Amino acid sequence: MVVSDDHEVDNDYAGDRSADDEPSELFLARRAAAYQAYYEHMPMPRRMLPFGPYQQLRTQRGFGDLVDLYMLDGRQFRSPQACGPGPLVAPCAELYDAQRTMLGAAQESWLDDALGAGRARWNLLGQQTLLAHFDQSGEEDLRYWADGWNGYPAARARLVEFLAERRIAEIAAGVATALGASAQSHYRRHHPATVNSEREAIFAAQVGERIFGAGNVIRDAEPTTGSEDFSYMLQVRPGAYVWLGHGGGASGCNLHNPNYDFNDQITPLGAGYLAALVEAALPLDSRSS
């Protein structure tokens with residue numbers, strides 16, 4: 001079982017766009033020739049015969065109840081790479097656009113349906129680029145490989161969330177069966193998770209350490225179930241959700257609790273931190289004018 005990537009046509013091509021931004025009609029003619037050559041020289045079934053610049057490359061094969069194998073087309077229907085010329089790019093707002101896709105809407109729907117109907121013990125996804133989050137910045141400012149799934153975080157989140165939801169249902173059904181019962185799970189998505197953008201989170205922590213001291217900034221705080229309003233903001237713009245600690249004590253409690261008592265002494269600390277964030281983010285020429 002095979003599936004093509006970019007070099008069968010053009011390095012890092014995305015949908016109908018070449019890496020060199022040549023006119024789409026010229027590129028699609030080249031893509032049609034490449035798909036035809038690929039079909040003629042590979043052991044592919046008749047149903048994968050290309051029609052001009054389009055070819056059904058995705059496929060599925062089951063091996064009893066052990067493995068379902070899905071070969072995915074990550075080139076033909078993907079959104080163009082974001083945030084300027086690559087291969088490594090600094091994150092920008094376009095990168096996090098929820099409409100951007102690696103597989104295309106039709107293939108995403110096909111994969112969801114196939115995974116949902118599958119009953120094999122293992123699901124294997126054959127695809128072309130690194131799926132896991134991977135920081136390739138080195139010693140430089142944050143950079144992502146725009147051609148991999150790091151360049152399509154919203155599409156990756158949709159896939160991973162679907163797999164997680166399906167696994168919850170499988171575990172519930174398995175436990176119930178072991179106890180002589182049955183279980184059905186209905187996973188309802190409400191608010192998206194609040195996940196800080198990596199670059200902005202690092203920046204906020206660095207400024208915090210400068211203002212409060214390195215020992216007073218917690219970079220790996222325990223996840224909570226609040227802040228859903230910020231989750232929607234982060235769908236539109238990269239950012240960081242930050243807590244400002246106000247001291248504990250025997251009667252200490254979280255916000256939105258009837259016994260919550262705001263510590264007025266942290267007001268200048270919070271104001272100073274916000275001012276420091278703005279000062280650090282502004283270009284030098286903006287501060288001097």
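Every read-out reported here was derived from the displayed coordinates using simple, explicitly stated rules and does not represent laboratory data. Since we're looking at a predicted model, the values are computed, not measured. All Cβ positions, glycine included, derive from the backbone under ideal geometry; neighbour counts span all protein chains shown.
Below are the figures for this structure:
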read-out	value
Cα gyration tensor shape for region 14-72, rounded if a/c is under 1.5, else prolate or oblate	prolate
FRET E, pair GLU94, ARG167, Förster distance 35 Å, beta-carbon r, rounded to 0.05	0.65
The chain - Debye-derived log10 I(q)/I(0), Cα point model, q = 0.15 Å⁻¹	-1.24
Span-rule helices in the chain, defined as complete DSSP H runs reaching 24 Å or more along the axis (Cα) with Kyte mean at least -1.0	24-41, 153-178
Three-way shape label, region 59-111, alpha-carbon gyration tensor, a/c 1.5	prolate
Per-residue [θ]222 nm for the chain (sum of -39500 (n - 2.57) over DSSP H runs n ≥ 4, rounded to 500)	-11500 deg cm²/dmol
Overall form of region 1-127 per C-alpha gyration tensor (a/c, 1.5; a/b vs b/c)	oblate
Region 70-181 - Debye-derived log10 I(q)/I(0), Cα point model, q = 0.17, 0.18 Å⁻¹	-0.85, -0.92
Qualifying GluC sites (Glu not before Pro) for region 149-231 [loop in DSSP, other Cβ within 10 Å: at most 16]	none
Which of PRO153, SER197, ILE266, positive extreme of dipole for the chain (C-beta unit charges)	PRO153
Leading residue at positive end of dipole, the chain (Cβ point charges), from PRO80, ASN11, ALA169	ALA169
Evaluated at q = 0.20, 0.28, 0.31, 0.32 Å⁻¹: base-10 log I(q)/I(0), Debye formula over Cα of region 114-158	-0.75, -1.05, -1.13, -1.16
Approximate spin-label separation ASP135-ALA157, in nm, with each point projected 7 Å along Cα-to-Cβ	1.9
Given charges at beta-carbon only (K, R positive; D, E negative), |dipole| of the chain in Debye	940
Most fluctuating residue given options LEU103, LEU57, LEU244, as computed from a GNM of the chain linking Cα atoms under 10 Å	LEU244
Distance in nm between pseudo-label sites at GLN206 and TYR187 (7 Å out along the Cβ direction from Cα)	3.6
Longest DSSP-loop-exposure-free segment, chymotrypsin sites (Phe, Trp or Tyr not before Pro), the chain, at most 15 other Cβ within 10 Å	1-133
The chain: most fluctuating residue of ASP16, ASP261, ASP73 per GNM, C-alpha cutoff 10 Å	ASP261
